[in-house]
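Enquirer: Have a look at the structure that comes next, please.
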Amino acid sequence: MEIRKVAVLGAGTMGHGIAQVCASSGFQVALGDVSDVQLAKAVEKVRGSLEKLASKGRLQGEVADVLGRLSVSSSMDSVLDGADLVIEAVPEKMELKLELFRVASAKAPAHAIFATNTSSLSVTEIAADTGRAERVVGLHFFNPVPVMELLEIVRGLSTDDATIEAAVAFAKRIGKDPVVVKDWPGFATSRLGIILGCEAIRMVEQGVASPADIDKAMKLGYRHPMGPLELTDLVGLDVRLAIMEHLFAELGEQFRPPALLRQMVRAGKLGRKSGEGFYTY
Ligand code: 3HC
């Protein structure tokens, strides 16, 4: 099946990046969110990122042409109208995702593939109520989306081969290098990435070293591009807590969220997006 129009639901950190790479690759993109303010911010972030890429000669075509392929709306009807691929990028809450796909099932074309950008939740469960479980797949993007090469494609229990093939072709078209993994809590990425973040926060609690020194140690000693605490600030402490809670329930004790993380989220210290996390921005 040929994908022409992509609908992206959720204009937050991941949603705007996903919309950007799709529009940059020639797709018509409709970005939807309940908040018009969030949509306006998303367009400005996309513009900023495109200008940065263009100034380094890394953008194919003109900024204006890419933006011309991107429309935004708070109306689900107009976002889903004619969509061949629907990518959900709303917060990591199963109820929210189920409700969104319930609405999308009624409004999107029958042939459309549904994809979830979930970091850890069950693609199989998300698919179950859509009436098209064979055409539901996980498309797990990484932050910052325009820069990160990986697309983790998650095969739910009912996902068919044609959908996986379409997902792999889509990944290549948007310039990503895919891996296809089984639907299992945390997949191949979050399960490992989260454990590192979890332990780093426990080490801060235990006073082993300062956040800056823990990050420095992993950057210089293990050649990670970013330390686990800087990365937690980039991803969002609330996002990482939600993933840990799910993996703790599904996989056990090693994922128990550190008390410090809970406290920081309660205090509104969510990382870069709130101006403070393990560092101040
Ligand atoms: N748009 C366009 N370009 C961007 C960008 C954006 N949003 N963000 C960064 N860049 C570009 C910069 O302009 C720069 O380009 P240059 O090399 O030509 O100067 C390049 O990317 C590198 O950026 P910086 O020089 O600012 O800084 P770094 O060299 O430290 O790179 C980084 C930044 C790419 C974020 C790097 O630190 C990195 O790879 N960090 C790890 C990120 C990571 O692990 N992400 C996964 C998080 S987990 C996740 O997303 C999963 C989810 O489920 C939560």
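Enquirer: Residue check: is PRO211 at negative phi, outside the structural domain of GLU245 (by TED's automatic domain parsing) and either surrounded by 17 or more Cβ atoms within 10 Å (Cβ to Cβ) or within 13 Å of the ligand (Cβ to nearest atom) (or both)? Give the steps one after another, and end with the answer.
Expert: Details: at negative phi: yes; outside the structural domain of GLU245 (by TED's automatic domain parsing): no; either surrounded by 17 or more Cβ atoms within 10 Å (Cβ to Cβ) or within 13 Å of the ligand (Cβ to nearest atom) (or both): yes.
Criteria not met by PRO211.
Enquirer: Can you find, within region 68-90, the residue that is nearest to the ligand (Cβ to nearest atom) among those that are part of a helix (DSSP H, G or I) and open to solvent by 30 Å² or more (accessible area, probe 1.4 Å)?
Expert: GLY68
Enquirer: Additional query: In the set THR124, THR118, which member is under 18 Å from GLY15 (Cβ atoms), in contact with a helix residue (DSSP H, G or I) (Cβ under 9 Å, 6 or more places away or on another chain) and of a type in the set (Val, Ile, Thr)?
Expert: The match here is THR118.
Enquirer: Would you mind stating whether GLY175 is modelled with pLDDT of 95 or more, surrounded by fewer than 19 Cβ atoms within 10 Å (Cβ to Cβ), under 17 Å from the mean Cα position of the chain (by Cα) and not in a helix (DSSP H, G or I)? Talk me through it step by step, then tell me what you get.
Expert: Working: modelled with pLDDT of 95 or more: yes; surrounded by fewer than 19 Cβ atoms within 10 Å (Cβ to Cβ): yes; under 17 Å from the mean Cα position of the chain (by Cα): yes; not in a helix (DSSP H, G or I): yes.
For GLY175, the condition - modelled with pLDDT of 95 or more, surrounded by fewer than 19 Cβ atoms within 10 Å (Cβ to Cβ), under 17 Å from the mean Cα position of the chain (by Cα) and not in a helix (DSSP H, G or I) - is met.
Enquirer: Being touching a Lys or Arg at 6+ places or on another chain (Cβ under 7 Å), free of Cβ contacts under 8 Å to residues at least 60 places away in the same chain and within 14 Å of the ligand (Cβ to nearest atom) is true for just one of ALA19, ALA23. Which residue is that?
Expert: Details: ALA19 fails: touching a Lys or Arg at 6+ places or on another chain (Cβ under 7 Å).
That would be ALA23, the only listed residue that is touching a Lys or Arg at 6+ places or on another chain (Cβ under 7 Å), free of Cβ contacts under 8 Å to residues at least 60 places away in the same chain and within 14 Å of the ligand (Cβ to nearest atom).
Enquirer: Can you pull out every residue in region 3-16 that is touching a helix residue (DSSP H, G or I) at 6+ places or on another chain (Cβ under 9 Å), open to solvent by 10 Å² or more (accessible area, probe 1.4 Å) and away from the ligand (no atom under 16 Å from the Cβ)?
Expert: ILE3
To keep it simple, each residue is scored yes or no on (1) out of contact with any Cys (no Cβ under 9 Å at 6 or more places or on another chain); (2) in a helix (DSSP H, G or I); (3) open to solvent by less than 60 Å² (accessible area, probe 1.4 Å).
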{"position": "HIS111", "(1), (2), (3)": "yes, no, no"}
{"position": "PHE114", "(1), (2), (3)": "yes, no, yes"}
{"position": "THR118", "(1), (2), (3)": "yes, no, yes"}
{"position": "GLU134", "(1), (2), (3)": "yes, yes, no"}
{"position": "ASN143", "(1), (2), (3)": "yes, no, yes"}
{"position": "GLU152", "(1), (2), (3)": "yes, no, yes"}
{"position": "ALA166", "(1), (2), (3)": "yes, yes, yes"}
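Enquirer: Among the listed residues GLY82, GLY12, GLY61, which satisfies the condition of being small (Gly, Ala, Ser) and closer than 21 Å to LEU121 by Cβ?
Expert: GLY12
Enquirer: Please go through (1) in contact (Cβ under 8 Å) with a residue 40 or more places away in the chain; (2) within 16 Å of the ligand (Cβ to nearest atom); (3) acidic (Asp, Glu) for ASP177 and return the number of the only condition it doesn't satisfy.
Expert: It fails just one condition, (1).
Enquirer: Does region 178-209 hold any residues that are under 21 Å from VAL123 (Cα atoms), of a type in the set (Gly, Ala, Ser) and assigned to a helix (DSSP H, G or I), and which are they?
Expert: Across region 178-209, the qualifying residues are SER190, GLY193.
Enquirer: Now a separate question. Would you check which residues across region 271-281 are of a type outside the set (Val, Ile, Thr) and within 18 Å of ASP215 (Cα to Cα) and list them?
Expert: GLY271, ARG272, GLU276, GLY277, PHE278, TYR279, TYR281
Enquirer: Within region 91-102, track down each residue that is touching a strand residue (DSSP E or B) at 6+ places or on another chain (Cβ under 7 Å) and open to solvent by 30 Å² or more (accessible area, probe 1.4 Å). Outline the logic, then answer.
Expert: Looking only at region 91-102, we keep the residues that are touching a strand residue (DSSP E or B) at 6+ places or on another chain (Cβ under 7 Å), and these are 97, 100-101.
Of everything in region 91-102, just one residue is touching a strand residue (DSSP E or B) at 6+ places or on another chain (Cβ under 7 Å) and open to solvent by 30 Å² or more (accessible area, probe 1.4 Å), namely LEU100.
The values are calculated or read from the model by the stated rules, or taken from the named source; none is laboratory data. Just so we're clear, the structure is a prediction, and the values are computed from it rather than from any experiment. A quick note on method: Cβ atoms are made from the backbone with ideal geometry, for glycine too, and the neighbour counts reach across all protein chains shown. Ligands, DNA and RNA are excluded from the accessible area calculation, which covers all protein heavy atoms including side chains. Shrake-Rupley method; radii C 1.70, N 1.55, O 1.52, S 1.80 Å.
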